[in-house]
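Here is the structure we will look at, set down as structure tokens.
The values are calculated or read from the model by the stated rules, or taken from the named source; none is laboratory data. Just so it is clear, the model here is predicted, and its values are computed rather than measured. All Cβ positions, glycine included, derive from the backbone under ideal geometry; neighbour counts span all protein chains shown.
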Amino acid sequence: MPKKYIMIDGLVPGMIVADDVININGQLIIKKGSILTDDVISKLESARIFDIPIDDINDEYEQDSTSYYENLKDSGEFLSFKTDYLSVMNNTKETFNHVKALNGPLDVDETISGIIDLLKKGESNLHIFDMLHVMRDLNDIIYVHSVNVALISNILGQWLELPADDIKVLTAAALLHDIGKTQIPKEILTKPEKLSADEIQLLHTHTTLGYDILKDKQLDQRIKDVALMHHERCDGTGYPSHLSYQDISPFAKIVAIADVYDAMTASRSYREPMCAFKVIETFENQGLSQYDPGYILTFMENIVSSYVNTDVLLSDGREAEIVFINRQRLSRPMVRCGKDFIDLTKTPNLKIDSLI
């Protein structure tokens, strides 16, 4: 009898299992010919089985050929998220102006209230990344970027199991990390061509300009440190002071990861957004020297795990589905292309080009 693979979230009671379902340890989970029930589906989820073969006896269970991200973009939940997101993005400019004029202490809860509200609109933290992925056509190097870095830093803080009060300060620091860019000429920030050496040097001053804006304010010192240090790197190759691992604020190390991930996966006037797996590969190649190993590994493992069952476009033009994550090489998972399983760790000339 014909069969097809159905992802766990597409299973419904009454479907018939086409083959024995075995977990990664070789243990039998469900026998061939079993009829799915709610309890059986829950058992599969608990065993971290991502999809199973189902007898293709009728058209009732045909999956939607529209991609996940296309469906998400048309969904009511995304349209609601986007409306609120744009409101928070527009309010971020007012937040920057408020902080610049601040005479008393900063109300952290008020400053990050919009970010927290956005986080609540996602089904999970990883769902927020899906929402951001769909909005990669937004091209704003200050306010959109600041909102994204605040969202990502908050989520990374949760993954690192930081105390709740620390996560609040981290989120505020991430939202304000690029406040110094408001002092950089717009034509430099949005220039589509490669910047000259002098222009790059001017752009790099946004860290010290941001610190100068914040240094005399009644703010948590960690917020000021993030503005100054978010481009420092643990191997001493960053700027403005070429600090080493032990001299960089922990919050600046966290925001640095969120900053780079968002910048590389975002659309810019001079390039298309990069696929998350290309960014993860970049982190793998340099992350353990330039970033805090504990922070970067936690970030990469959580991000990549969220893409299991996601459809992707391979570098040879074929479409495939991610079925298994290789924790020794997170950027190169196992994928299924038709009936074939491809271990990307063993095919150096084949990579993931984009999510679809």
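Residues considered: I342, I296, I322, I303. Of these, the only one that is without any contact (Cβ under 8 Å) to a residue 40 or more places away in the chain, out of contact with any strand residue (DSSP E or B) (no Cβ under 9 Å at 6 or more places or on another chain) and of a type in the set (V, I, T) is I296.
Among the candidates I280, I257, which residue alone is touching a Phe, Trp or Tyr at 6+ places or on another chain (Cβ under 6 Å) and in a helix (DSSP H, G or I)? Every option except I257 fails the conditions. Scanning the stretch 327-342 for residues that are surrounded by fewer than 15 Cβ atoms within 10 Å (Cβ to Cβ), under 23 Å from the mean Cα position of the chain (by Cα) and either outside any loop (DSSP other than H, G, I, E, B) or of a type in the set (S, T, N, Q) (or both) yields one hit, Q328.
The set of residues in the stretch 246-284 that are within 17 Å of V144 (Cβ to Cβ), surrounded by fewer than 23 Cβ atoms within 10 Å (Cβ to Cβ) and of a type outside the set (D, E, K, R) comprises V260, A263, M264, T265, A266, S267, S269, Y270, P273, M274.
Just name the residue that is surrounded by the fewest Cβ atoms within 10 Å (Cβ to Cβ) out of those in the stretch 152-196 that are assigned to a helix (DSSP H, G or I) and modelled with pLDDT under 95. Going through the qualifying residues, I end up with E187.
What's the total number of residues in the stretch 210-221 that are in a helix (DSSP H, G or I) and crowded, with 18+ Cβ neighbours inside 10 Å? Adding up the residues that qualify gives 4.
Kindly evaluate Y295 against the criterion of being surrounded by 17 or more Cβ atoms within 10 Å (Cβ to Cβ), at pLDDT below 90 and not in a strand (DSSP E or B). No. Evaluate the following for G287: is it small (G, A, S), part of a helix (DSSP H, G or I) and crowded, with 17+ Cβ neighbours inside 10 Å? So G287 fits the description; yes.
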